[in-house]
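The values are calculated or read from the model by the stated rules, or taken from the named source; none is laboratory data. Quantities reported herein were computed from a predicted structural model and do not represent experimental measurements. Glycine gets a Cβ as well: all are built from the backbone with ideal geometry, and neighbour counts include every protein chain shown. Calculation scope for accessible area: heavy atoms of the full protein, side chains included, ligands and nucleic acids excluded. Shrake-Rupley method; radii C 1.70, N 1.55, O 1.52, S 1.80 Å.
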Amino acid sequence: MAIHPERRPSDEHHSAQATAHALLTNIEQVVLGKRDEVALVLSALAGGGHVLLEDVPGTAKTVLARAIAQTIRGASFARIQCTPDLQPTDVTGLSIFNQKTREFEFRPGPIFANIVLVDEINRAMPKTQSALLEAMAERQVTVDGVTRRLPDPFLVIATENPIEQEGTFPLPEAQLDRFALRAELGYPGGSEEVQIVRAQRHGHPLGELEALVEADGVRALHTAVEDVYVDELLLTWAIDLVRATREVEGVAVGASVRGSLALERTARAWALVEGRDHVVPEDVDRLFIPVLGHRLLLTASFLAEMRALGRAEALREVKRRCLALAPPPTPNWDE
């Protein structure tokens, strides 16, 4: 069974690859030196998922979200700044009585945008956090008994500050599971930071960023992702890795079936963004922590053991243990 098939990509697939490349190169003009991280977020967009960015302030999270919206012609952008007094209707919208027409009129909230940045999501109360669940999972909002569809494309980029935890409400596992992946941008390199300072002497480069792709092109990415080839050998291995998280030492609760679905679909989206029409083992390996890390509940003893090294290293150790239980496949190139 060969992992790299002899296949001829369709014209639609070439068009989708061009769209993904245009998104990536355009965003890189304002988010410097973060190609891998930007590709991760675009993989979530192509795969129809959402992203949780856990990073310190000032690492271009807002710039990234705005750049995605500006690259898509006609796409709308909304930012929701979460605070403890933020109400669910501040997110979803509400019905207001119109004195002239003597009827209630629905005023849509910021969730009715193509690209939604939910800043410091863990500062919102659980009731407000839960208002995002239906939007993220079902791409719809129900207010006053009426269900309204959200625009397409639709991407939620939520942020968390990993350092400041005072006055926050940690996201429950059910909501963490709604995010296709969790990532961080991190600080730019030295040369990139010099370029950033120079570029912003006379205004922000976002002001000059042009729209390069159509909304229809972004919607076509979803169809193209479905056509990306995943060999049965790789599919079985990806599922075995997810199942290993439920058995490995140090993990109290492993990833659910939703983790298997997210890993397989994000791997196909990642391959598309990387310009391929098939998934390779390196894709699954690269996406293990971004897709599955936030879905794992680690044991207290394991966290205490890894306390000095931090959660990132703890997840890398979990990955090593899972790979020991489910090693990468060895294809038979003679078949």
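Could you run through the range 196-229 and say how many residues are more than 16 Å from D11 (Cβ to Cβ), in contact with a His (Cβ under 8 Å, 6 or more places away or on another chain) and among the aliphatic types (A, V, I, L, M)?
Qualifying residue count, the range 196-229: 0.
Output the residues belonging to the range 303-325 that are within 25 Å of P172 (Cβ to Cβ), within 27 Å of the chain's Cα centre (by Cα), assigned to a helix (DSSP H, G or I) and not charged (D, E, K, R).
Result: L303, A312, A314, L315, V318, C322.
For the range 68-82, which positions are closer than 30 Å to Q165 by Cβ, open to solvent by less than 30 Å² (accessible area, probe 1.4 Å) and either out of contact with any Ser or Thr (no Cβ under 8 Å at 6 or more places or on another chain) or of a type outside the set (A, V, I, L, M, F, W, C) (or both)?
Scanning the range 68-82 gives I68, A78, I80.
Of everything in the range 232-289, what is open to solvent by 60 Å² or more (accessible area, probe 1.4 Å) and not in a helix (DSSP H, G or I)? Give them in sequence order.
R246, E247, E249, A252, V253, E274
Can you pull out every residue in the range 23-54 that is crowded, with 18+ Cβ neighbours inside 10 Å, assigned to a loop (DSSP other than H, G, I, E, B), on the phi < 0 side of the Ramachandran plot and in contact with a helix residue (DSSP H, G or I) (Cβ under 7 Å, 6 or more places away or on another chain)?
Once the filter is applied, which keeps residues that are crowded, with 18+ Cβ neighbours inside 10 Å, assigned to a loop (DSSP other than H, G, I, E, B), on the phi < 0 side of the Ramachandran plot and in contact with a helix residue (DSSP H, G or I) (Cβ under 7 Å, 6 or more places away or on another chain), the range 23-54 yields V30, V31, L32, G49, H50.
Name the pairs: first residue in the range 69-87 and closer than 17 Å to I111 by Cβ, second residue open to solvent by less than 80 Å² (accessible area, probe 1.4 Å) and aromatic (F, W, Y), Cβ to Cβ under 6 Å, at least 6 apart or on different chains?
A69/F77
A quick yes/no check of all residues on (1) more than 22 Å from V56 (Cβ to Cβ); (2) buried (at least 19 other Cβ atoms within 10 Å of the Cβ); (3) within 16 Å of the chain's Cα centre (by Cα):
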site: P84; (1), (2), (3): no, no, no
site: K100; (1), (2), (3): yes, no, no
site: E105; (1), (2), (3): yes, no, no
site: I111; (1), (2), (3): yes, yes, no
site: M125; (1), (2), (3): yes, no, no
site: V146; (1), (2), (3): yes, no, no
site: F154; (1), (2), (3): yes, yes, yes
site: I157; (1), (2), (3): no, yes, yes
site: I163; (1), (2), (3): no, no, no
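On the basis of being under 30 Å from I72 (Cβ atoms), open to solvent by less than 20 Å² (accessible area, probe 1.4 Å) and modelled with pLDDT of 90 or more, does A215 make the cut?
no
Provide a single number: the residues in the range 173-203 that are open to solvent by 40 Å² or more (accessible area, probe 1.4 Å), at pLDDT below 90 and within 17 Å of the chain's Cα centre (by Cα).
Residues flagged as open to solvent by 40 Å² or more (accessible area, probe 1.4 Å), at pLDDT below 90 and within 17 Å of the chain's Cα centre (by Cα) within the range 173-203 amount to 3.
Considering only residues that are among the β-branched types (V, I, T) and under 15 Å from N114 (Cβ atoms), look in the range 213-241 and name the one that is farthest from the chain's Cα centre (by Cα).
Only one residue fits best here, namely V213.
Looking for something farther than 23 Å from R311 by Cα, crowded, with 20+ Cβ neighbours inside 10 Å and not charged (D, E, K, R) - is there at least one such residue anywhere in the range 55-66?
yes
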